[in-house]
Structures are given as C-alpha cells and as structure tokens.
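Here is the structure we will look at.
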Amino acid sequence: MQPSAHSLAPSFDERLTAPRSWWVIVALLGISGGLIMFPLGTVPTLGGLIAAGALAAVAVSSYGSARIRVVAGSLVAGDARIPVSALGAPEVLDAEEARAWRTYKADPRAFMLMRSYVPTAVRVEVTDPADPTPYVYLSSRDPEGLVAALEAARDEARGAQEAPEAQDA
C-alpha cells in the first residue's frame, strides 16, 4: 500500500531564519569591504562592496537555513531524520528552561539544533535503546505547534501499527 499524499505533506515545517538585525550587519560588512578597497579606486571599491556583502549574505543565509519538519512519521531536524516511534513525549521549553538545557543541564551526547536568537525550544527524549542519543533539543519559534505535530504523528504511527494487528486477528 502506498502512502497517501496527505501523510507525505509536512504537518509542521519551520525554518530558523536569521533575525532582521543580522541583515543590517550584512549590509555594514559590505560597506566595510568597499571602504577597505576605497584607496584603490572606484572599481575595486565596488568589487569590495559586492564581494564582502555577498560573502556575508551567504554565511547568514546558510546559518538561517536550518529547518525542522514533521513529515511521513519522522522528525526531520537539519540533517537528522528520526522516526517518531523512536521518540518519547515532547516537552515545550520556555526561554528560561531552554537556556538551562542549552547550558548546565545539557548532555554532550544529545542532538541539538539550536539557534541563539530563538529563545524557546522543544526537548524530546529518544526512547530507542540502540541510539546513544538521550534527547533531541530543537530551537523553535512555535514550540507548541511542534509538540502538537509530534504527538499527532506518533498517534498516527500507533494507529497504523494497530490496524494490521486488528486485521490479522
């Protein structure tokens, strides 16, 4: 049986884009590149402006391209893909609790997709005994939405597992 198009559509999709203030810094870095090249003439000044601005823009854009998705029964965070069946109950972390889990409560074995400019987060225990990762920490601007999507995906996965068992009986 093929999965339906609905189950392949992400129930949660968030991109952890960089804040607007970082783009102001990108513009300032471009101007700095132009000023550095200013003594060499107009063409080098424009080249420095464009090159420094482009490099800074690429750096900020790539750092802000991290995505968190719940799709097809899996949590996809950055490069990691974890089936929801291997996850425990998700926990919403407010700014204070998220800071604690990023610092003194942090476990070095944990998978962390964190961005300092996103104050709230979600922490999910990894229940797979074969996986040494104790939990997943994910910065999120919508932690309640992520928790709801994870719980819905886990309920859907449980229902899919129970349905074949009921048919066999």
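The values are calculated or read from the model by the stated rules, or taken from the named source; none is laboratory data. Remember, it's a predicted structure, so these values are computed and weren't measured experimentally. With ideal geometry, Cβ positions are generated from the backbone for all residues, glycine too; neighbour counts draw on all protein chains shown. When the accessible area is computed, the model is the full protein with side chains, heavy atoms only, and any ligands, DNA or RNA have been set aside. Shrake-Rupley method; radii C 1.70, N 1.55, O 1.52, S 1.80 Å.
Considering R102, R158, R123, R115, the condition of being more than 30 Å from V24 (Cα to Cα), in contact with a Ser or Thr (Cβ under 9 Å, 6 or more places away or on another chain) and open to solvent by 20 Å² or more (accessible area, probe 1.4 Å) is satisfied by R158 alone. Residues satisfying the criterion are absent from region 85-98 (criterion: on the phi > 0 side of the Ramachandran plot and surrounded by 12 or more Cβ atoms within 10 Å (Cβ to Cβ)). Within region 34-54, if we keep just the residues that are β-branched (V, I, T) and either loosely packed, with under 15 Cβ neighbours inside 10 Å or touching a Pro at 6+ places or on another chain (Cβ under 6 Å) (or both), the residue that is nearest to A18 (Cα to Cα) turns out to be I50.
Residue-wise test of (1) among the polar types (S, T, N, Q); (2) touching a strand residue (DSSP E or B) at 6+ places or on another chain (Cβ under 7 Å); (3) modelled with pLDDT of 95 or more.
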{"residue": "P10", "(1), (2), (3)": "no, yes, no"}
{"residue": "R15", "(1), (2), (3)": "no, yes, no"}
{"residue": "W22", "(1), (2), (3)": "no, no, no"}
{"residue": "L29", "(1), (2), (3)": "no, no, yes"}
{"residue": "G34", "(1), (2), (3)": "no, no, yes"}
{"residue": "Y63", "(1), (2), (3)": "no, no, no"}
{"residue": "V76", "(1), (2), (3)": "no, yes, no"}
{"residue": "A80", "(1), (2), (3)": "no, yes, no"}
{"residue": "A86", "(1), (2), (3)": "no, yes, no"}
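Does region 128-169 hold any residues that are of a type in the set (G, A, S), outside any helix (DSSP H, G or I) and modelled with pLDDT of 85 or more, and which are they? Selection gives A130, S139, S140. If the condition is being closer than 14 Å to R69 by Cβ and out of contact with any Ser or Thr (no Cβ under 8 Å at 6 or more places or on another chain), then region 126-146 contributes V136, L138, D142, G145. Being among the small types (G, A, S), surrounded by fewer than 18 Cβ atoms within 10 Å (Cβ to Cβ) and farther than 18 Å from L146 by Cα holds for only one residue in A18, A57, and it is A57. The residue pairs whose first member lies in region 137-148 and is polar (S, T, N, Q), whose second member is in a helix (DSSP H, G or I) and surrounded by 24 or more Cβ atoms within 10 Å (Cβ to Cβ), and whose beta carbons are closer than 6 Å, counting only pairs six or more residues apart or on different chains, are S140/L146.
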